[in-house]
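For reference, the structure discussed in these notes is given below.
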Amino acid sequence: MRTETMRRAPVSAGPGSGGAMRRVSLAGPTAAPGDVALASAKLPFPVLIMLISILLPVEFNLGPLAMTGLRMVLIVMILPLLAGLFSGRYGRLMAVDWLFLAHFFWLTIALAVNNPDRVIQQAGSVGLEFLGGYLMGRAYIRTREDFAALSRALIFSFVLMLPFTAYETITGTPLIPTLIDKVPGLGSVNIVYADPRMGLERVQGPFDHPIHFGIYASVAFPLAFVAFDGVRSMRWRVLMSAIVVGSGMLALSSGALLALLLQIGLIGWSIMFRSITWRWWLLVGLFVTAYVGIDLLSNRTPIKVFMSYATFSAHTAYWRGIIFDWGMKNVWANPIFGLGLRDWVRPSYMHSGSMDNFWLVMAVRYGIPGFLLVAGGYALAVAQIMRRDFSQDFRLLVFRRAWVFTFLGLSFALCTVHVWGAVYSFVFFMFGSGVWLIRATEQQDEIPDNDEPSTPTSRYTRFASLRERAQR
């Protein structure tokens, strides 16, 4: 039996197998021999084109329209994706599908109320990035092979970008956007001249802001270390994880760093307490206890205490506290349709309209219904996937764990950063790439009649008796 709570020792195969040995996983049971094929799984072609368009941020004018490579891909794909969704080609529609579709329609209504002159352009571009990104993941990442291929592509993207990342952290010049800008007729993302931190230039990479490069890394990290457990060696996983985390940290973004640290903590907790089946409820209990304790002992709210420790400086923490307070005043003043693209009310000394909180931006811009629809779909899908029992299928178990670690980390990070453009679409693409786990079917290894494990009474064997299973 596969179980998440104990480590399995190597078990020699039976007489008919040539004496093959199974590898031991550090974080749990070993994978089935067939999982090795996942290391060479092929990425669906539309997903490959989408990832290339994200990492090569080409911009150009198509008549009066400002286009990007990513938007062109999504424009071509959006109608077939919607047709496939409603025809059942990607399985029955789920609650998260309806909630995200409703969020798109609500944001269109909110923009029509607040900005009737810009509703078509803005709803088209934002809706395309949000809904198109989600549907690309929902449609093309539907099997364990698809998920493994996507994970490998994201990891290798950091290996390919490593020379560019190293150059930028030394010189402060993002090479990819700079080179694209030199091509006649093409443009790229604006170069952000952020102040250095800790003596290093902040890495922007091919994204709109260094924060987004860090978010991209925080998505890939759990996939590198957790998802390939049993598929790649521990040395490979540690090396790839180090490249991803090291690259992400060079963004020098507190939000991205927070996501990475939370993910490292979740991985460590999973390994250290793997013998405790209720370890996640224990962790939830500790978080609730900490929240109540801070609320009772501090003269600040737990949210403000959290923001003070989730930034590089006390000034940034104080500023984000003001943004949150005034952002909520705008939410309660415009609870139904929000402000749309209108400027939000804030103190006169706040010259910048930047709001470093994705969830707050959703509520301010599209009202409480717009926020509840996107946050509700997000939370519901994460909860449904967390509730799945994959104890009989180790591969689905680690895929689920990697995906959940990714989006638990992002849930907190998005409280301190805002995402837009390519990374906005990428985040919801990755979200859609895990929705198949809600209805994924477990696969159990079968043993031929003449292939019995060499130690049938061992508590570590993969093929335990029913009595042993009951005892566990």
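Numerical summary
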| quantity | calculated |
| --- | --- |
| Unique match (being closer than 18 Å to Ile155 by Cα, open to solvent by 60 Å² or more (accessible area, probe 1.4 Å), at pLDDT 50 or above and among the β-branched types (Val, Ile, Thr)) among Val76, Val47, Val36 | Val36 |
| Residue satisfying condition, being open to solvent by 50 Å² or more (accessible area, probe 1.4 Å) and closer than 13 Å to Ile155 by Cα, within set Leu286, Leu239, Leu261 | Leu239 |
| Residues of segment 208-236 satisfying the condition of being open to solvent by less than 10 Å² (accessible area, probe 1.4 Å) and of a type in the set (Gly, Ala, Ser) | Gly214, Ala217, Ser218, Ala220, Ala224, Ala227 |
| Number of positions in segment 336-377 that are closer than 17 Å to Val404 by Cβ and surrounded by 22 or more Cβ atoms within 10 Å (Cβ to Cβ) | 1 |
| Residue in segment 88-100 that is in contact with a helix residue (DSSP H, G or I) (Cβ under 6 Å, 6 or more places away or on another chain) and without any contact (Cβ under 8 Å) to a residue 40 or more places away in the chain present | no |
| Lone qualifier among Ala110, Ala123, Ala102, Ala95 - being crowded, with 22+ Cβ neighbours inside 10 Å and more than 26 Å from Phe221 (Cα to Cα) | Ala110 |
| Residue satisfying all of: in segment 398-418; open to solvent by 30 Å² or more (accessible area, probe 1.4 Å) and in a loop (DSSP other than H, G, I, E, B); farthest from Pro222 (Cα to Cα) among these | His418 |
| Segment 324-351 residues that are outside any helix (DSSP H, G or I), paired with ones that are surrounded by 14 or more Cβ atoms within 10 Å (Cβ to Cβ) and of a type in the set (Ser, Thr, Tyr) (beta carbon under 7 Å, 6 or more apart) | Gly338/Tyr366 |
| Residues of segment 173-228 satisfying the condition of being touching a residue at least 24 places away in the same chain (Cβ under 8 Å) and β-branched (Val, Ile, Thr) | Ile176, Ile180, Val189, Val203, Ile211, Ile215, Val219, Val226 |
| Subset of segment 220-266 [modelled with pLDDT under 85, assigned to a helix (DSSP H, G or I) and more than 26 Å from Phe394 (Cα to Cα)] | Ser254, Gly255, Ala256, Leu257, Leu258 |
| Lone unmet requirement of (1) part of a helix (DSSP H, G or I); (2) touching a Gly at 6+ places or on another chain (Cβ under 9 Å); (3) open to solvent by 10 Å² or more (accessible area, probe 1.4 Å) for Arg320 | (2) |
| Meets criteria (of a type in the set (A, V, I, L, M, F, W, C), surrounded by 22 or more Cβ atoms within 10 Å (Cβ to Cβ) and within 17 Å of Ala217 (Cα to Cα)) for Leu150 | yes |
| Any chance Pro456 is in contact with a Phe, Trp or Tyr (Cβ under 8 Å, 6 or more places away or on another chain), more than 30 Å from Val364 (Cα to Cα) and modelled with pLDDT under 85 | yes |
| All positions within segment 154-201 that are closer than 20 Å to Gly421 by Cβ, surrounded by fewer than 18 Cβ atoms within 10 Å (Cβ to Cβ) and among the small types (Gly, Ala, Ser) | Gly187, Ala194 |
| Out of Arg395, Arg387, sole residue that is of a type in the set (Lys, Arg), under 29 Å from Arg232 (Cβ atoms) and either surrounded by 22 or more Cβ atoms within 10 Å (Cβ to Cβ) or in contact with a strand residue (DSSP E or B) (Cβ under 9 Å, 6 or more places away or on another chain) (or both) | Arg395 |
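The values are calculated or read from the model by the stated rules, or taken from the named source; none is laboratory data. Only a predicted model underlies this, so the values are computations on that prediction, with no experimental measurement involved. A quick note on method: Cβ atoms are made from the backbone with ideal geometry, for glycine too, and the neighbour counts reach across all protein chains shown. Surface areas here come from the heavy atoms of the whole protein model, side chains and all, with no ligands, DNA or RNA. Shrake-Rupley method; radii C 1.70, N 1.55, O 1.52, S 1.80 Å.
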